[in-house]
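Trainee: Can you keep this structure in mind? I'll have questions shortly.
The values are calculated or read from the model by the stated rules, or taken from the named source; none is laboratory data. All values derive from a computational prediction rather than experimental measurement. Using ideal geometry, Cβ is built from the backbone for each residue, glycine included, and neighbour counts are taken over all protein chains shown.
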Amino acid sequence: MRLGTACRRIVALIVTAVLLMPAMLCFSGCNMFNVIRDNFIDTTPATISEQELVRLIIMAVSNKNDISSSYSQIPEEQRDDISYSVFNEYVAILSSVSEKYGTIQSFKVLNDHDSNDYFKAILSQTDCTDFPSEYGHLSVIELDYGDTLKAGREDSRCRFCVSLDDNGTAYLSRKYVTDMISAYNYLGHYFTMLENNNTDGLFALLDPLYNDDIYINSVISAKVQYIAEFYLLKVRSTRSEYVYDEISPLLVTVTIPKVIGDDGESITEHKVKLSVNPDGSYDIDDQIPWYLDTTSLGVYDATGNAVRITGVALNVERMRALLGDPYYYNVYELSDEDKIKFGKPVGVRAVYSGIVVSIYADDLDDGWEGLVHGIRIYSDQYSIDGQITVGMNISELLLIYPMLDEADYSFNFESGRDEYTISFNFDNNNNISDISIAKAFSSSK
């Protein structure tokens, strides 16, 4: 009886143990898994070094198939909320810039001295005094192309920046990246409008840049038309041949390598710059050369007759026939330095109603003979080509010469065998106060 009871208790205990074993094994197994996980898998946010971050960016720049891989390997906290699409666009821009230099072989992080020189060079071409604080502490990366560096790129450098936080951890600044993309795309949009000869789109793009009162709509339209014609007739490079010399959030500079020169035959290069203002607006500096419809300009009197006094030999009698008797007249000996500079011994200054004429001349027994060195028109009694006079408003002048403001209201023209520079000066009301014409070189012909 006792033995049977004891056996039944033993059997019950065994059955109970068997029934509880799976639960115990599950519990202990879960604990064991957690222990293994906690000891072998680091679940804390990882960070990578500056060198590794740069390596991942360069890997994406060098091979578009590596973009997603590079992006996924950059820890989230070092991406500063940059989405994959933004990262993709950013490295695509760097790739388009870099590929013109060759195949990236290595890189270096610039020291503080070289970095400061780089920042100063950029800021000197903008109205900004510093880079935005939202960019963090910028570390400048310079790419090296080794023996793959393409011809003509020896003096160029392809650079970009990564940011460092207060702890020295490298990261991609979302502000830096998106600002650089915006600046690059804005200038690219400008080139697209020109490529498509889209003058309406170009007007909409440039209109905000000309906020001074002198830039009435008709002036902007004249400028747009002139710029479009320049790119259509003079630019021989395709968009794919444009070289981006500098690309940053505050400054983008481009070289167009093949543009027809002033002589209509030679090939030269053309520079375009986009800079960012302190308020975040953009300026496009595209110095379009001013080409005259004719190779020379004429001075006309009030009756519309041409006054041929530039590029021709003048003496007392010819001056009197052309302009009459002067109010003031003086013949003086030039200094030894000016004799060498201008190749003549004497100077002549004659003041007439509305015009002043300066001449460097040979001193002859019966007077003097020489060529006009300078003219100043100070009244509307005389005009340039019968259409530009003293008193004309600057906006009216820009309708005739749309790009004259880009050339500081001055340009060269030919008369006879000589070249002259014409300059326009203005009063406080933006009206022409006087027009100066000066010989551009001093050698006698």
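Trainee: Report yes if residue 119 is in a helix (DSSP H, G or I) and either at pLDDT 95 or above or on the phi < 0 side of the Ramachandran plot (or both), otherwise no.
Mentor: Against the criterion (in a helix (DSSP H, G or I) and either at pLDDT 95 or above or on the phi < 0 side of the Ramachandran plot (or both)), residue 119 qualifies.
Trainee: Let me ask you something else. Within segment 410-418, is there a residue that is at pLDDT 95 or above and surrounded by 15 or more Cβ atoms within 10 Å (Cβ to Cβ)?
Mentor: No, segment 410-418 contains no residue that is at pLDDT 95 or above and surrounded by 15 or more Cβ atoms within 10 Å (Cβ to Cβ).
Trainee: So residue 219 fits all but one of (1) buried (at least 18 other Cβ atoms within 10 Å of the Cβ); (2) in the same structural domain as residue 62 (by TED's automatic domain parsing); (3) of a type in the set (A, V, I, L, M); what number is the exception?
Mentor: Among (1) buried (at least 18 other Cβ atoms within 10 Å of the Cβ); (2) in the same structural domain as residue 62 (by TED's automatic domain parsing); (3) of a type in the set (A, V, I, L, M), the lone unmet condition for residue 219 is (2).
Trainee: Please go through segment 424-445 and pick out each residue that is of a type in the set (Gly, Ala, Ser) and modelled with pLDDT of 95 or more.
Mentor: Scanning segment 424-445 gives 433, 436.
Trainee: Another question, if that's okay. Please state which one of 227, 309 is part of a loop (DSSP other than H, G, I, E, B) and surrounded by 19 or more Cβ atoms within 10 Å (Cβ to Cβ).
Mentor: Numbers: 227 fails: part of a loop (DSSP other than H, G, I, E, B).
Just one listed residue meets the conditions, 309.
To keep it simple, each residue is scored yes or no on (1) surrounded by 18 or more Cβ atoms within 10 Å (Cβ to Cβ); (2) among the polar types (S, T, N, Q); (3) farther than 16 Å from residue 299 by Cα.
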{"residue": "345", "(1), (2), (3)": "no, no, yes"}
{"residue": "352", "(1), (2), (3)": "yes, no, no"}
{"residue": "372", "(1), (2), (3)": "yes, no, no"}
{"residue": "375", "(1), (2), (3)": "yes, no, no"}
{"residue": "393", "(1), (2), (3)": "no, yes, yes"}
{"residue": "402", "(1), (2), (3)": "yes, no, yes"}
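Trainee: Using beta carbons and a limit of 8 Å, which pairs, at least six apart or on different chains, have the first residue in segment 121-137 and under 20 Å from residue 245 (Cα atoms) and the second one among the aliphatic types (A, V, I, L, M) and part of a loop (DSSP other than H, G, I, E, B)?
Mentor: From residues that are under 20 Å from residue 245 (Cα atoms), the pairs are 122/250; 123/250; 126/250; 128/250; 131/250.
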